[in-house]
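Accompanying notes for the structure given below.
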Amino acid sequence: MQKDSLKLGQWSNEFFSKIDYDRSGKISVQEMINIFGSSKLRFDDDLFKHFSAIDTNGDGVIDKSEFKMYLIKALDMLIGQLVKIANDIIME
Ligand SMILES: [Ca+2]
């Protein structure tokens, strides 16, 4: 389990560094747009909603711990949805 959370931390940091283009240690709205604005994720539609959800202390930038917490929450949500789908299939 600890090995998995270490991997998650490393993955989160690597992902963060890719987005943090100017290496300031914080992610700005512009950096989010640069990465996700052109992606197929359609992240741009809800970009500001996502941004403020990640920016939990509301200082207008995303730091590494806010980013990691958001990834953990997103993974939890995905796993929850998968479990629900699996349960629905099992109950059929
Ligand atoms: Ca913040």
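The values are calculated or read from the model by the stated rules, or taken from the named source; none is laboratory data. Predicted, not measured: the structure shown is a model, and the values here were computed from it. Quick reminder, even Gly has a Cβ in these numbers, built from the backbone with ideal geometry, and neighbours come from all protein chains shown.
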Query raised in the report: Failed condition for G58, given (1) surrounded by 10 or more Cβ atoms within 10 Å (Cβ to Cβ); (2) modelled with pLDDT of 95 or more, with all others met?
Result: (1)
Report summary line: When the stretch 46-92 is checked residue by residue, the ones that are basic (K, R) and more than 13 Å from the chain's Cα centre (by Cα) are K84
Query - Given (1) surrounded by 10 or more Cβ atoms within 10 Å (Cβ to Cβ); (2) modelled with pLDDT of 95 or more; (3) of a type in the set (A, V, I, L, M), number of the condition L71 does not satisfy - result: (2)
Report summary line: Restricting attention to the stretch 55-92, the residues that are part of a helix (DSSP H, G or I) and of a type in the set (S, T, N, Q) number exactly 3
Query - Any pair with Cβ under 7 angstrom, 6 or more apart, that starts in the stretch 56-70 at a residue that is farther than 12 Å from S28 by Cα and of a type in the set (D, E, K, R) and ends at one that is in a loop (DSSP other than H, G, I, E, B) and within 9 Å of the ligand (Cβ to nearest atom) - result: E66/D55; E66/T56
